[in-house]
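We did not get these values from a lab; they are worked out from the coordinates using the rules stated. Just so it is clear, the model here is predicted, and its values are computed rather than measured. All Cβ positions, glycine included, derive from the backbone under ideal geometry; neighbour counts span all protein chains shown.
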Amino acid sequence: MRRAAILALGTALGAVFCAAPALAQSAAPATTAAPYKAPRTAFGQPDIMGFWSNSTLTPMTRPAAIKEKATYTEAEVDKLEGAVLIEIDEAQAATDPDAGAEFRQKTTNERPEFTAAGGAVGGYNRFWLDPGNHVMRVAGEPRTSLLTTPNGQFPARKAQAAPTPAAPRAPRPAYASMDYESRGSGDRCIIGFGRNGGPPMFPNGFYNNNYQIVQTPTHVMIEVEMNHDTRIVRLDAKHNTDTIRPYFGDSIGWWEGDTLVVETTNIPQSQAFMGSWENLKVTERFKRVAADRLYYSFSVEDPSMWDAAWGGEYEFHPLDGHIFEYACHEGNYALPGILAGNKFDEEAKEAKEAAEAKAKAPKGKSKN
């Protein structure tokens with residue numbers, strides 16, 4: 001009797017276990033995490049406010065050596081980010097107090113752009129720079145460029161369009177004619193150098209790649225740390241019909257679901273992007289995709305320059321801290337120094353030329 005009961009129990013358990021796969025197949029699929037939903041402001045807009053940064057190791061255009069490769073491997077990411085940690089560690093080394101003004105702290109990875117920025121005065125030793133410590137990731141992918149064109153480069157221009165501007169040239173000789181209006185907007189503290197303010201907005205590769213976004217029901221303000229610039233976006237508005245081209249252009253915006261779309265026209269010539277300004281239209285999109293990530297993309301259009309629109313994308317990450325005023329002219333004597341040094345060089349050159357001309361002049365006959 002006992003043996004029969006055990007056999008019956010075993011048969012029943014066997015039936016359960018044999019039926020288990022069928023039960024599993026008919027069970028409801030495992031639930032996946034719900035898509036991120038941005039919090040709302042008190043007036044109902046998706047909340048993208050806060051302090052953000054776009055500092056990154058990823059350049060605007062893809063390094064030529066990796067051609068069509070849009071993403072890095074994790075091993076390549078570790079190598080790139082590890083090299084920066086070494087740079088930072090070496091930059092912390094104590095400086096000899098007796099070193100001259102031209103001293104530059106050397107690092108194992110000497111970046112040409114940093115060396116050029118330091119010039120002969122050590123003004124931008126690696127210690128003072130904050131270009132970014134991480135490769136840019138978009139939806140988790142480590143990108144090799146911020147541009148999303150097939151080769152990560154600027155697209156070819158139309159045949160009749162002016163050629164792509166060359167890389168910035170070395171500063172012209174100091175004795176060239178100069179006044180304050182001949183200097184760039186960065187030297188004059190009008191707007192920051194690089195394209196931090198945009199549009200489109202990019203990190204400058206050196207420092208101060210930080211932003212604050214503030215929303216109201218009718219406007220969005222983007223404060224750019226690099227030179228304390230401020231972009232004002234008018235929501236649900238129309239472009240101005242006048243011919244005025246304000247700094248950063250004329251920006252209007254609207255919400256498409258959780259995405260803020262910003263369209264900018266009337267960009268001034270002084271803020272041309274790749275030589276385009278008169279017919280340039282830049283469309284930017286901002287969307288909070290995580291508590292600590294703000295997606296940003298841009299599209300560039302100019303029918304006189306390119307056959308089709310093109311652009312790029314990246315993700316802002318939170319700034320650990322707040323933005324303080326970038327008081328460019330507060331105690332900044334750079335521009336008067338540049339002009340004074342230029343005047344000194346001009347006078348020295350004129351004196352030299354006068355002396356040479358005098359030496360070459362025919363000697364007059366002496367009187368007896």
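For the range 266-363, what class follows from the C-alpha gyration tensor (a ≥ b ≥ c being the square roots of its eigenvalues): rounded when a/c is under 1.5, otherwise prolate if a/b is larger than b/c, else oblate?
On the way: a/c = 4.80, a/b = 1.98, b/c = 2.42.
Taking the square roots of the gyration eigenvalues as a ≥ b ≥ c, the range 266-363 is oblate.
Classification of the range 177-248 by its C-alpha gyration tensor yields an oblate form. The axis ratio a/c (a ≥ b ≥ c) is 1.5 or more, and b/c is at least a/b.
With r defined as the distance between the Cβ atoms of residue 279 and residue 259 and R0 fixed at 25 Å, what FRET efficiency is calculated, to the nearest 0.05?
On the way: r = 25 Å, r/R0 = 1.01.
Once the sixth-power term is evaluated, E becomes 0.50.
If I take R0 = 45 Å and measure r between the Cβ atoms of residue 239 and residue 69 in this structure, what FRET efficiency does the formula 1/(1 + (r/R0)^6) give, to the nearest 0.05? Present the calculation step by step, with values, prior to reporting the outcome.
Details: r = 39 Å, r/R0 = 0.86.
Rounded to the nearest 0.05, the efficiency is 0.70.
Determine, for each peptide in 285-292, 198-205, 139-146, 241-248, the mean count of other beta carbons within 10 angstrom over its residues, then list the peptides with the highest first.
Numbers: 285-292: 16.0, 198-205: 21.9, 139-146: 17.9, 241-248: 12.5.
Descending packing order for the listed peptides: 198-205, 139-146, 285-292, 241-248.
Give me the extension gain from residue 40 to residue 339: residue separation times 0.36 nm, minus the current Cα-Cα distance, reported in nm with one decimal. Don't skip to the answer; put the middle values down first.
Details: separation 299, 0.36 × 299 = 107.64 nm, distance 5.09 nm.
Result: 102.6 nm gained on full extension.
Using the Karplus relation 6.51 cos²θ - 1.76 cosθ + 1.60 with θ = phi - 60°, the per-residue 3J(HN,Hα) values for the range 229-235 come to 7, 9, 9, 10, 10, 8, 7 Hz, with x marking Gly and Pro. Computed 3J(HN,Hα) for the range 129-144, one whole-Hz value per residue from the Karplus formula 6.51 cos²θ - 1.76 cosθ + 1.60 where θ = phi - 60°, is 9, 9, x, x, 10, 10, 5, 5, 10, 10, 6, x, 8, x, 8, 8, glycine and proline marked x. Filter the cross-link list 158/287; 67/158; 67/287; 37/281; 238/287 down to pairs whose alpha-carbon distance in this structure exceeds 24 Å. Long pairs (Cα-Cα over 24 Å): 158/287; 67/287; 37/281.
Could you please report the charge total around residue 315, scoring K, R as +1 and D, E as -1 over all other residues with beta-carbon less than 13 angstrom from its beta-carbon?
Details: positive: 137, 143, 285, 287, 288, 293; negative: 141, 292, 313.
Neighbour charge sum, excluding residue 315 itself: +3.
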